[in-house]
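This report concerns only the one structure given below.
The values are calculated or read from the model by the stated rules, or taken from the named source; none is laboratory data. Remember, it's a predicted structure, so these values are computed and weren't measured experimentally. All Cβ positions, even for glycine, are placed from backbone atoms using ideal geometry, and neighbour counts span all protein chains on display.
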Amino acid sequence: MTQQTHKYRFGFLDEDAKKEIRRSLLKAIAIPGYQVPYSSREMPIARGFGTGGLQITLSILGTNDTLKVIDQGSDESVNAVNIRKFISKTCPGVSLTKNASVATVIQTRHRIPEFPLKLGQILVLQVPYPDPLVMVESSEAKRKQMHGEGDYARLWVKLYEDMVQFSEITISHRYPCRINGTYVIDPSPIPRFDVAKLHQSEGLYLFGAGREKKIYAVPPYTNTEPLSFSDIPFRIEDFTNPTGQRRPCNRCGSTTSFLDEFLDDSGQRVYQCSDSDYCNNQLMQRRE
């Protein structure tokens, strides 16, 4: 028997699809925060599992690029490993890495790396729901009108109602952010801890929602401001222990990173860096 080999065109998508996505990206970069519609293609993964981010990545990758894929901060999660394998098959010549500092393109879900992005780096985020107004308005046509008019009053009321009922804003992720003082975006399901990384970053942030067929962007050196009241400042996740000290990573000892909480074999709560690359790097520095 002869072994059959399946060959894919570079980047899997046809050239017309990649051209359309790149044109949409240019418009999204030119109008920060604006949701640009595009014809999301069928992919060999189910919608809702990163098809939007994957289409962007496949459309911008070149043979000189170095790609890193992470899922919730980890290089070894099932989603990250499978996407990395798929890209290695469909994009020959593209280098793969787990080091955020050397990657030219980083595809991620639910986290922004701890290492600050440098000028020239691109971070592609997988987005389930691109519109922050969906929590207060079900009609897409009405939401478009509200964005066009800058009418975010109902979103502010939602935040106010949270304060009245719970004494704090209960949005733990997908926290709405205003871009360049104009459009309000859903920054994807990243924790509040990561929101500040969008502000005046040197890197380019691209957001792709395959199921909702929307693309938007936060270009380098763009003002990004989480919605908050003047007398109630925006706050991030609290990693202090009962004594008021910041909990360190159980593995590398970092006291500045976002931590995941889990139970060890003895049933004790332990905290460890969500970003596996950052944790490994800190651990190597400590051993040196």
Point to revise | Selected residue [in contact with a helix residue (DSSP H, G or I) (Cβ under 9 Å, 6 or more places away or on another chain), part of a loop (DSSP other than H, G, I, E, B) and in contact (Cβ under 8 Å) with a residue 12 or more places away in the chain] from Leu58, Leu25, Leu13 | key: Leu13
Exercise for review: Kindly provide the set of residues from the stretch 114-133 that are within 14 Å of Tyr216 (Cβ to Cβ) and more than 14 Å from the chain's Cα centre (by Cα), ordered by number.
Suggested key: Asp131, Pro132, Leu133
Check your understanding: If you go through the stretch 165-184, how many residues are outside any loop (DSSP other than H, G, I, E, B) and either under 12 Å from the mean Cα position of the chain (by Cα) or charged (D, E, K, R) (or both)?
Key -> 2
Check your understanding: Taking the stretch 135-164, which residues are farther than 27 Å from Gln200 by Cβ and either in contact with a Ser or Thr (Cβ under 8 Å, 6 or more places away or on another chain) or not in a helix (DSSP H, G or I) (or both)?
Key -> Val136, Glu137, Ser138, Ser139, Asp162
Review point. Quick one: Gly208 ticks every box in (1) under 20 Å from Ser77 (Cβ atoms); (2) out of contact with any Ser or Thr (no Cβ under 9 Å at 6 or more places or on another chain) bar one, so which box is it?
Key: (2)
Check your understanding: Scanning for something surrounded by fewer than 22 Cβ atoms within 10 Å (Cβ to Cβ), basic (Lys, Arg), touching a Phe, Trp or Tyr at 6+ places or on another chain (Cβ under 9 Å) and not in a loop (DSSP other than H, G, I, E, B), does the stretch 89-106 turn up at least one residue?
Key -> yes
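Residue by residue, here is whether (1) of a type outside the set (A, V, I, L, M, F, W, C); (2) in contact with a His (Cβ under 6 Å, 6 or more places away or on another chain); (3) outside the structural domain of Arg143 (by TED's automatic domain parsing) holds:
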| site | (1), (2), (3) |
| --- | --- |
| Ile169 | no, no, no |
| Pro176 | yes, no, no |
| Val195 | no, no, no |
| His199 | yes, no, no |
| Leu204 | no, no, no |
| Lys213 | yes, no, no |
| Pro220 | yes, no, no |
| Asp231 | yes, no, yes |
Point to revise | Residues being part of a loop (DSSP other than H, G, I, E, B) and either without any contact (Cβ under 8 Å) to a residue 24 or more places away in the chain or touching a Phe, Trp or Tyr at 6+ places or on another chain (Cβ under 7 Å) (or both) - total across the stretch 240-255 | key: 10
